[in-house]
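Below is one structure, written out as structure tokens, with a few remarks after it.
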């Protein structure tokens with residue numbers, strides 16, 4: 001790693017700290033280690049050094065998503081995995097609200113007109129009374145739903161099962177109603193984790209189910225979207241726009257059509273990266289380290305089979 005995590009020296013009160021950024025270093029560091037904090041994580045390292053992790057009991061990630069970490073042997077093991085849930089929820093929700101308001105107010109067009117020194121008057125939209133469908137009603141989806149409700153939007157969700165009204169959602173649909181719910185929404189937010197069941201959930205059929213006036217937002221994982229289907233939907237007018245913070249391929253290649261398609265906002269996987277995110281992640285780790293040392297239950301435990309929080 002280029003720089004150690006901030007405040008990580010506070011962990012020395014409870015544990016010996018070892019740093020590793022290569023397979024060789026990781027193998028040496030794993031010998032006798034009971035816990036791993038994945039800070040700047042290369043997904044190839046831990047599987048390649050797994051045979052050296054004989055004493056490992058807990059892994060903490062610095063991210064909310066864990067799809068890059070959950071390789072098969074780890075999933076089948078007794079090692080507990082925890083994530084940084086709670087750190088990124090509100091900042092990402094604010095990004096979602098900003099993107100919705102940017103679409104409604106034509107803010108992107110105003111920025112382009114400013115650069116071009118062009119005075120171009122046009123009408124805008126209201127978000128009050130518009131509908132937001134959150135696909136993936138986890139902590140990030142709920143935080144986004146609360147902010148959307150605050151500006152007068154009607155907010156529903158699609159989850160793993162139907163369960164009626166559940167704050168902030170006026171209704172939660174089950175997966176069997178996915179396409180039907182898409183057809184009723186003015187804005188659709190993808191806040192799903194990437195699992196075998198969510199891979200390319202937003203495919204050509206999903207975009208075809210949406211309103212031609214609908215906008216699609218993705219703060220979940222790039223792999224939940226069939227990128228070619230999204231590009232086709234934007235080019236052919238199946239949907240009106242997209243605000244994207246995550247992509248199947250990152251960084252997004254310079255020649256990718258998403259850069260130049262009208263109605264698209266590209267954000268470089270930064271929606272949750274507010275100025276103090278790293279300190280807040282380390283705070284979660286230090287709290288869990290104290291719990292681990294005392295034998296207390298850990299925060300933010302991941303269901304490894306399902307690929308998201310319990």
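The values are calculated or read from the model by the stated rules, or taken from the named source; none is laboratory data. As the structure is a computational prediction, the values presented were derived from the model and not from experiment. Every residue, glycine as well, gets a Cβ built from its backbone with ideal geometry; the counts of neighbours run over all protein chains shown.
Odds and ends about this structure:
Listed here are the residues, each with its yes/no results for (1) surrounded by 19 or more Cβ atoms within 10 Å (Cβ to Cβ); (2) modelled with pLDDT under 95; (3) assigned to a loop (DSSP other than H, G, I, E, B).
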{"position": "96", "(1), (2), (3)": "yes, no, no"}
{"position": "101", "(1), (2), (3)": "no, no, no"}
{"position": "137", "(1), (2), (3)": "yes, no, yes"}
{"position": "148", "(1), (2), (3)": "yes, no, no"}
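- Search result, residues across region 161-181 that are part of a loop (DSSP other than H, G, I, E, B) and touching a strand residue (DSSP E or B) at 6+ places or on another chain (Cβ under 7 Å): 162, 163, 168
- Considering region 46-85, the residues that are in contact (Cβ under 8 Å) with a residue 24 or more places away in the chain and in a helix (DSSP H, G or I) include one that is farthest from residue 295 (Cα to Cα), namely 48.
- Residue within region 267-284 that is assigned to a loop (DSSP other than H, G, I, E, B) and touching a strand residue (DSSP E or B) at 6+ places or on another chain (Cβ under 8 Å) present: yes
- If the condition is being under 22 Å from residue 268 (Cβ atoms) and either assigned by TED's automatic domain parsing to the domain that holds residue 304 or in contact with a strand residue (DSSP E or B) (Cβ under 9 Å, 6 or more places away or on another chain) (or both), then region 201-223 contributes 202, 215, 216, 217, 218, 219, 220, 221, 222.
- The residues of region 267-289 that are more than 15 Å from the chain's Cα centre (by Cα), surrounded by 13 or more Cβ atoms within 10 Å (Cβ to Cβ) and either without any contact (Cβ under 8 Å) to a residue 60 or more places away in the chain or at positive phi (or both) amount to a single one, 287.
- Test: residue in region 107-117 that is over 27 Å from residue 146 (Cβ atoms), out of contact with any helix residue (DSSP H, G or I) (no Cβ under 8 Å at 6 or more places or on another chain) and assigned by TED's automatic domain parsing to the domain that holds residue 292: no
- The selection criterion, being in contact with a strand residue (DSSP E or B) (Cβ under 8 Å, 6 or more places away or on another chain) and crowded, with 21+ Cβ neighbours inside 10 Å, does not hold for residue 184.
- Residues of region 246-257 that are under 22 Å from the mean Cα position of the chain (by Cα) and exposed (fewer than 15 other Cβ atoms within 10 Å of the Cβ): 249, 250, 251, 253.
- Among the criteria (1) in contact (Cβ under 8 Å) with a residue 12 or more places away in the chain; (2) touching a helix residue (DSSP H, G or I) at 6+ places or on another chain (Cβ under 9 Å), the one residue 253 does not fulfil is (1).
- Criterion (in a strand (DSSP E or B) and either crowded, with 21+ Cβ neighbours inside 10 Å or modelled with pLDDT under 95 (or both)) met by exactly one of 206, 233, 243: 243
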